[in-house]
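J.: Next up is a structure, given as structure tokens.
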Amino acid sequence: MGPADEPAERPRWWLRNPTVGVLSAAILGVATLSVTASIKTPDPAPGSTLLYIVILPIALLLPAIAVGGAFVAWRALGAAHGGLRLALAPAAALALMLNLTAVGLFIRWMGRVFLG
């Protein structure tokens, strides 16, 4: 069995179906933005920074998901061609904006927690 006999690698699902990829990225953007926006401002009580350090590994999932959503939107738009690309461009721009805003809100929250 040589290299010619090996099965070809299938492209990712968001490249095979760009419409679903862009819409999924937009849904991820709405979800991560709403969760990130709902995170409370830090409590000024002594010792609360330690609590935030403990929950930080879980909280880091938010920007990771948002960056993944932005990546999927960008790549799915790049996989679309012709009229489909033109039709998906506003939804992809919205998905990118939502996901990157969620990352920005998370960075702002981190600054408030650890920098005061």
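The values are calculated or read from the model by the stated rules, or taken from the named source; none is laboratory data. Quick caveat: nothing in here was measured; it's all calculated off a predicted structure. All Cβ positions, even for glycine, are placed from backbone atoms using ideal geometry, and neighbour counts span all protein chains on display.
J.: Could you check segment 36-70 and list, in sequence order, the residues that are in a helix (DSSP H, G or I), more than 12 Å from the chain's Cα centre (by Cα) and crowded, with 16+ Cβ neighbours inside 10 Å? Write out each step before concluding.
T.: Filtering segment 36-70 for residues in a helix (DSSP H, G or I) gives 36-37, 48-59, 61-70.
Next, from what is left, pick out any that are more than 12 Å from the chain's Cα centre (by Cα): 37, 48-59.
If the condition is that a residue be in a helix (DSSP H, G or I), more than 12 Å from the chain's Cα centre (by Cα) and crowded, with 16+ Cβ neighbours inside 10 Å, then Tyr52, Ala59 are the ones that fit.
J.: Here's another thing I want to ask about it. On the basis of being of a type in the set (A, V, I, L, M, F, W, C), surrounded by 12 or more Cβ atoms within 10 Å (Cβ to Cβ), in contact with a Pro (Cβ under 8 Å, 6 or more places away or on another chain) and at pLDDT 90 or above, does Leu77 make the cut? First the steps, then the outcome.
T.: On the way: of a type in the set (A, V, I, L, M, F, W, C): yes; surrounded by 12 or more Cβ atoms within 10 Å (Cβ to Cβ): yes; in contact with a Pro (Cβ under 8 Å, 6 or more places away or on another chain): yes; at pLDDT 90 or above: yes.
Taking the combined requirement at face value, the residue satisfies it.
J.: So, one more: Taking Glu9 as meeting all but one of (1) touching a residue at least 24 places away in the same chain (Cβ under 8 Å); (2) out of contact with any Ser or Thr (no Cβ under 8 Å at 6 or more places or on another chain), write down the number of the exception.
T.: Of (1) touching a residue at least 24 places away in the same chain (Cβ under 8 Å); (2) out of contact with any Ser or Thr (no Cβ under 8 Å at 6 or more places or on another chain), only one is false for Glu9: (1).
J.: From the list Ala89, Ala31, Ala8, which one is modelled with pLDDT under 85 and either assigned to a loop (DSSP other than H, G, I, E, B) or farther than 18 Å from Arg112 by Cβ (or both)? Walk me through how you get there before you give the answer.
T.: Values: Ala89 fails: modelled with pLDDT under 85; Ala31 fails: modelled with pLDDT under 85.
None of the other options fit; the residue is Ala8.
J.: Related question: Could you go through segment 60-82 and let me know if any residue there is more than 27 Å from Thr19 (Cα to Cα) and either without any contact (Cβ under 8 Å) to a residue 60 or more places away in the chain or basic (Lys, Arg) (or both).
T.: Taking segment 60-82 as the starting set, the residues that turn out to be more than 27 Å from Thr19 (Cα to Cα) are 60.
Those still in the list that are either without any contact (Cβ under 8 Å) to a residue 60 or more places away in the chain or basic (Lys, Arg) (or both) too: 60.
Yes, that holds for at least one residue.
J.: Restricting to segment 1-35, and then to whatever is within 30 Å of Trp74 (Cβ to Cβ) and small (Gly, Ala, Ser), can you tell me which residue is surrounded by the most Cβ atoms within 10 Å (Cβ to Cβ)? So that I can check it myself, show each step before the final result.
T.: From segment 1-35, those within 30 Å of Trp74 (Cβ to Cβ) are 6-35; that's our starting set.
From what's left, small (Gly, Ala, Ser): 8, 21, 24-26, 29, 31, 34.
On the way: Ala8: 5, Gly21: 26, Ser24: 18, Ala25: 28, Ala26: 22, Gly29: 24, Ala31: 17, Ser34: 11.
Checking each candidate, the answer is Ala25.
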